[in-house]
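Beneath this line is the structure, given in structure tokens, with notes to follow.
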Amino acid sequence: MATTDPGHLARNLRLITVHEILAGSLVWLPVFVLFTRSRFDLDGALALASIYYLAVVMLEVPSGWMSDRLGRVPTLRLAAVCWVAAQTCFLVGDDRFAVVALGQILLAGGFASLSGTDVTFHYDTLESMDRAAEFRDRQARLRSLGLTATAASALVGGLLAFAGYRSVFAVALALAAGQVVVTVRMTEPPRPTRTAPPPMLLSQLRLSLGHLADRYLGWVFFYGFVMVTLEHVAFEMMQPWLTELLGRSADDVGTTPVFAGIVFAVTSFVGAGAARASAPVSRRFGVVPTLLGLAALSAVIVTGMALWVHVVVVALLVLRSVQGAAAPVLISDAVAPRVDQSRRATLLSLNSLVGRLGYGVLLWTASDRAGDDVVRVLGWLSMLSWLLVAVLVASALAVVPRRLRAV
């Protein structure tokens, strides 16, 4: 039930911080592709990744609509429960493809429910306290904290992998259970007085997409679509690439999990700094130039991996999370004040949906052609990344008014 109690709203802000730490503690992240590749080869690992992204597509908009219609807190609770179920599947799945695939679908359900809802819950709480102007800086700090948690958990996950992948998933299960406890204590922030109930799903989609008539929001939405691919291509290929770098095989990864954990930890720490810097940097250079610079950086990383399997390229790899850390802060800050409260989560979910749909199809195509050739896949993804950057630059120059490039 919604509340205007200042004490409950202040408690929300404290719980948001704890929730961000738990949600960001992805101990499975630095070893999951190693796990799936060891069981199902690279084509199987990519197929499982595509199942995850396509499942997000199926669940993204319903979860955003649920957030806008039923509330932020119930949707956050659903995300936590999905993650508990997903980690249980990974814990017991081993080499059973169907069980691991079910875990991917449940993991997607958690991320879909979280996507857009966590930031709108934060914004709604601040708005209810007449503190909405603090959102960009507070969200940047919060994102930074979450990535710091990701960094620490990546080290833990890499070390736990020495004891076997199951130990990693057991810890992930405990962290997801902690999310359930935290979300149970959250309180729904109040909504504006309505003369009619929120619209049903199709009407909600139409009304939310209507905001894209604003050219600036339309371009930001398009950027969010492209960002999913640019941000994730290096992520999916990082663990197989590190295996190649260390001269190991999919079945004998050796110390790769620990090395991957260290790389992911440094990457997340760098991302934490990028998230914290996103607000002042965007004020200095403008939102659109900052977003374009982040996109180009992601393309440079993939190209470096494709051209040279060498330890020097690890210096590029640690910048992988910069776009994923900084860009969502700027996208949320662009959307929140320009979109009605009742449609914010739906629009952000739609943005995530179209991005993951495109990337899911891309991964499925790659899995059908990849075999187990890491460098070949990276070369193809590198060319695609630069094509996407070129389209982003051209569309920004053509669509976004000059005055809004410096917002």
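A few remarks follow.
- For segment 272-349, relative contact order (Cα pairs under 8 Å, six or more residues apart, normalised by length) works out to 42 percent.
- Value in Å of the Kirkwood radius, where the chain supplies the Cα pairs that are averaged: 21.3 Å
- About its Cα centre, the dipole of segment 223-330 is roughly 540 debye, where the only charges are +1 on Lys and Arg Cβ and -1 on Asp and Glu Cβ.
- Alpha-carbon gyration tensor eigenvalues x 5, square-rooted, for segment 41-95, Å: 27, 15, 5
- Relative contact order computed over segment 1-113 (Cα-Cα under 8 Å; 6+ residues apart), in percent: 29 percent
- Per-residue extension of 0.36 nm, minus the Cα-Cα distance of residue 137 and residue 159, leaves a gain of 4.5 nm for this segment.
- Computed from label points 7 Å out along Cα-Cβ, the spacing between residue 58 and residue 10 is 4.5 nm.
- Mean projection of the Cα convex hull over all viewing directions, computed for segment 69-197: 9.4 nm².
- Relative contact order (percent, whole number), the chain, Cα cutoff 8 Å, 6+ residue spacing: 30 percent
- The chain: DSSP helices with Cα axial extent of at least 20 Å and average Kyte-Doolittle hydropathy no lower than 1.0: 72-93, 97-114, 165-184, 287-307, 321-335, 374-399
- For segment 1-156, diffusion coefficient by Stokes-Einstein and Kirkwood Rh (Cα), 37 °C, 0.692 mPa s, µm²/s: 196 µm²/s
- Rounded to the nearest 0.05, the FRET efficiency derived from the C-beta distance between residue 246 and residue 393 at R0 = 30 Å is 0.25.
- Across segment 257-396, Cα-Cα pairs more than 26 Å apart make up 32 percent of the total.
- For the chain, a simple Cβ point-charge model (Lys and Arg +1, Asp and Glu -1, everything else neutral) yields a dipole of about 1180 debye relative to the Cα centre.
Bear in mind that the values in this text are calculations on the coordinates, not laboratory data. From a predicted model like this one, the values you see are computed outputs, not experimental measurements. We place every Cβ from the backbone using ideal geometry, glycine too, and count neighbours over all the protein chains shown.
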